[in-house]
Amino acid sequence: MEDPKLVAERIITNVERVIIGKNRELRLAITALMCGGHILIEDVPGVGKTMLARAIAASIGLGFKRIQFTPDLLPSDVSGVSIYNQKTGDFEFRPGPIIAQVVLADEVNRATPKTQSALLEAMEERQVTVEGVTHTLPTPFMVMATQNPIEYEGTFPLPEAQLDRFLIRLQLGYPSPTDEVLVLDAQQEHHPVDQIEQVTNAQEVLQLQQAVKEIYVDPLIKQYIVALTNATREHEAVYLGASPRGSLALFRTAQAKALLEGRDFVIPDDIKDLALVTLGHRVIMSPGAKVKGTTTADVIAACLNRVPVPGARARA
């Protein structure tokens with residue numbers, strides 16, 4: 001395999017033909033792919049959430065499925081169902097849209113908790129169980145779920161167990177006026193996603209994921225990660241802090257960030273840069289803190305200020 005960094009950069013450059021002016025957000029999305037994790041995108045409609053998922057799948061040549069979550073969606077509509085075949089006299093499994101390599105769960109919070117729970121096994125164990133039979137999902141596998149942070153009428157908030165299974169949470173945001181003009185130019189005659197080229201394959205992505213695991217993390221950095229996670233649990237404004245899965249998410253994404261930047265080791269700045277996107281959605285604020293307007297971003301910033309950075313000398 002060629003340099004893993006070059007493979008990742010090739011994917012990012014290719015997706016930027018569709019998602020213009022969002023380099024940091026694209027790097028975070030590819031970071032999640034490199035870690036074999038899932039993404040929760042909280043943003044308003046029309047900023048390119050669906051196009052991001054389609055562009056990533058097309059750039060790698062992965063199977064792509066989209067699930068539109070609605071209140072009447074059933075778990076079997078997600079995972080699949082067994083249907084009796086009169087000719088053979090047997091039950092045949094009809095796979096649901098979750099059995100793909102890149103799955104877009106659009107407006108995931110509009111489905112009932114029962115349907116949302118259909119994602120839990122797939123996201124964590126990379127398998128689905130239908131009528132007692134377990135079906136393994138293809139690799140690589142990534143769920144990109146979206147939800148609208150403005151419109152909450154008729155929605156069901158994601159439970160903590162569901163949120164905890166997302167590696168990172170990000171927002172695309174509106175493009176700058178200059179970038180928005182470039183979007184108009186790019187789509188004047190056709191949509192760029194329809195002409196995007198495949199620049200790598202699933203096997204190279206699996207090798208890329210393995211390369212991430214080989215990035216060196218110093219014991220002091222590991223202690224720093226755990227101290228940050230533990231600080232969220234002890235913060236006075238927090239009802240429920242980040243779980244050990246949050247520590248692992250910060251650990252793994254820091255390895256991927258180091259690889260993207262051409263390093264074979266993690267530095268404290270990697271941890272600082274990724275703390276909010278990996279831990280923010282795992283922190284549950286106390287009712288009193290919500291009344292005061294304290295946000296999870298405030299909590300993560302406070303924790304970063306409280307926890308000493310490894311290797312830094314205390315100033316007099």
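Nothing in this text is a laboratory measurement; each read-out follows from the coordinates by a stated rule. Predicted, not measured: the structure shown is a model, and the values here were computed from it. Note that we place each Cβ from the backbone using ideal geometry, even for glycine, and neighbour counts take in every protein chain shown.
In degrees between 0 and 90, to the nearest 10, how far off the longest principal axis of the chain does helix 4-15 point, with axes built from Cα atoms?
Roughly 60 degrees, rounded to the nearest 10.
To the nearest Å, what is the center-to-center distance of the stretch 55-99 and the stretch 211-233, using C-alpha atoms only?
A separation of 37 Å, based on Cα centres.
For a Förster distance of 35 Å, can you work out the FRET efficiency between the beta-carbons of GLU180 and ALA202, rounded to the nearest 0.05?
Once the sixth-power term is evaluated, E becomes 0.55.
As a check on your grasp of the helix formula, calculate [θ] at 222 nm for the chain: sum -39500 (n - 2.57) over DSSP H runs of n ≥ 4, divide by the residue count, round to the nearest 500.
-13500 deg cm²/dmol
With charges set only on the Cβ (+1 for Lys and Arg, -1 for Asp and Glu), what does the dipole of the chain come to about its Cα centre, in debye to the nearest 20?
Value, rounded to 20: 860 debye.
Treat each spin label as a single point 7 Å out from the Cα along the C-beta direction, and report the ASP90 to LYS114 distance in nm.
Taking the two extended label points, one gets 3.1 nm.
Go through 277-287, 209-219 and give me the packing order, highest mean Cβ count within 10 Å leading. Numbers along the way, then the final one.
Working: 277-287: 21.0, 209-219: 15.1.
Highest to lowest by the protection proxy: 277-287, 209-219.
For the stretch 215-316, rounded, prolate or oblate, judged on the Cα gyration tensor with a ≥ b ≥ c (square roots of eigenvalues), a/c < 1.5 rounded, else prolate if a/b > b/c?
prolate
Which one of CYS303, LEU276, GLY241 is farthest out on the positive end of the charge dipole of the stretch 215-316, using unit charges on Cβ (Lys, Arg +1; Asp, Glu -1) and the Cα centre as origin?
Towards the positive end, the residue furthest out is GLY241.
Of all beta bridges DSSP finds with both residues in the chain, what is the antiparallel percent, to the nearest 5?
On the way: 12 of 29 bridges.
The antiparallel fraction comes to roughly 40 percent.
Neighbour counts of other C-beta atoms within 10 Å: give me ILE221, ILE267, ILE56 arranged from fewest to most.
Least crowded to most crowded, the residues run ILE267, ILE221, ILE56.
Taking 0.36 nm per intervening residue step and subtracting the Cα-Cα distance, what contour gain separates ASP194 from GLN210 on full extension?
2.7 nm is the gain from fully extending ASP194 to GLN210.
Tell me, in nm to one decimal, what length is gained between ARG10 and ASN23 on full extension, where the rule is 0.36 nm per residue of separation less the Cα-Cα distance?
Going from the current span to full extension adds 3.4 nm.
Using just the Cα positions, wrap the stretch 1-211 in a convex hull and report its mean projected area in square nanometres, one decimal place.
13.8 nm²
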